[in-house]
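J.: A single structure is presented below for examination.
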Amino acid sequence: MTKTLGVIGAGNVGQALARQALRAGYEAVLSNSRGPESLRGLVTQLGDGASAGTVAQAAEGDLVALAVPWSAIPDAVSGIDWTGRIVIDATNPIISPSFEIADLGGRTSSEVVASLVPGARLVKAANTILAALLAADPHEDRGRRVLTLSGDDATAKATVAELFDAAGFATIDLGGLVAGGRLQQVPGGAFPTRNLLQLEEAA
């Protein structure tokens, strides 16, 4: 049975995640705050395997990607039972349109997100590279684009890695949500904005 990625947020990052899910052979259900009708053109553009739904419908996916602006997260995730769901946190703590960095109170951004989706199996991923690179073919020159992830649930991380590996990325597990999340943190982490390639061995 084909797996589904539900995407909450249909901006550049959400669209990029949907494209990679389709590349990996998954179906993608996109959602936003304006409703499925507003996504009709985008779904047509994405092609077979893509559909539009409500946020609640997207949250029913085998995996759920959160790709909304930082200030929109609380409203986007409210009213949903997140218990046991695998959630990919692709957000960064940047307040639009001023581009100020949110006050996280000493926590990583994913710790904050985790508190808003209680019971979810949260995996931080797809937040460190530009949306254009995230959407592009991960194969470049003689290698594959690196995508980092972190989280406290090993099975959830493996499931997320399976998606991105199938799309062509080379995934790197940075460990737990706190330690790994700090390496992925925007700003200050070691990985944000770096376009890294894992070179393939010569035949």
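The values are calculated or read from the model by the stated rules, or taken from the named source; none is laboratory data. Just so it is clear, the model here is predicted, and its values are computed rather than measured. Cβ: placed from backbone, ideal geometry, glycine included. Neighbour counts: every protein chain shown. The area values use the complete protein model at the heavy-atom level, side chains included, leaving out ligands, DNA and RNA. Shrake-Rupley method; radii C 1.70, N 1.55, O 1.52, S 1.80 Å.
J.: Show that you can apply the helix-only estimate: for the chain, add -39,500 (n - 2.57) for every DSSP H stretch of four or more residues, divide by all residues, and state [θ] at 222 nm to the nearest 500.
T.: Per the formula, -8500 deg cm²/dmol.
J.: Work out how much length Thr193 to Lys3 would gain on full extension: take 0.36 nm times their residue separation and subtract the Cα-Cα distance, in nm to one decimal.
T.: 65.5 nm
J.: Something else: In segment 75-150, what % of DSSP beta bridges are antiparallel (nearest 5)?
T.: Values: 6 of 10 bridges.
Counting only bridges with both partners in segment 75-150, antiparallel ones make up about 60 percent.
J.: Measuring with a 1.4 Å probe in the full set of protein chains, what accessible area per residue, in whole Å², belongs to segment 4-102?
T.: So segment 4-102 comes to 44 Å² accessible per residue, rounded to a whole number.
J.: Right, here's the next one. In segment 35-163, carbon and sulfur make up what percent of the accessible area (probe 1.4 Å)?
T.: On segment 35-163, the fraction of accessible area on carbon and sulfur atoms equals 52 percent.
J.: Still on this structure: Would you please give the residues with an amide H less than 5 Å from that of Thr4, counting only those at least 5 places away or on a separate chain, with H modeled from the backbone geometry?
T.: Here the answer is Glu27, Asp62, Leu63, since their amide H atoms fall under 5 Å of that of Thr4.
J.: What does the highest-first list of 78-86, 104-112 look like by mean Cβ count within 10 Å?
T.: The densest-packed peptide leads the list: 104-112, 78-86.
J.: How big is D for the chain, in µm² s⁻¹ as a whole number, if Stokes-Einstein is applied with the Kirkwood radius of its Cα pairs at 37 °C and 0.692 mPa s?
T.: The diffusion coefficient I find is 196 µm²/s.
J.: Roughly what would the spin-label model give for Ser96 and Leu130, points 7 Å off Cα along C-beta, in nm?
T.: It works out to 1.7 nm between the two label points.
J.: By the scheme Lys and Arg +1, Asp and Glu -1, what is the net charge of all other residues having a beta-carbon under 14 Å from that of Thr83?
T.: That works out to -1.
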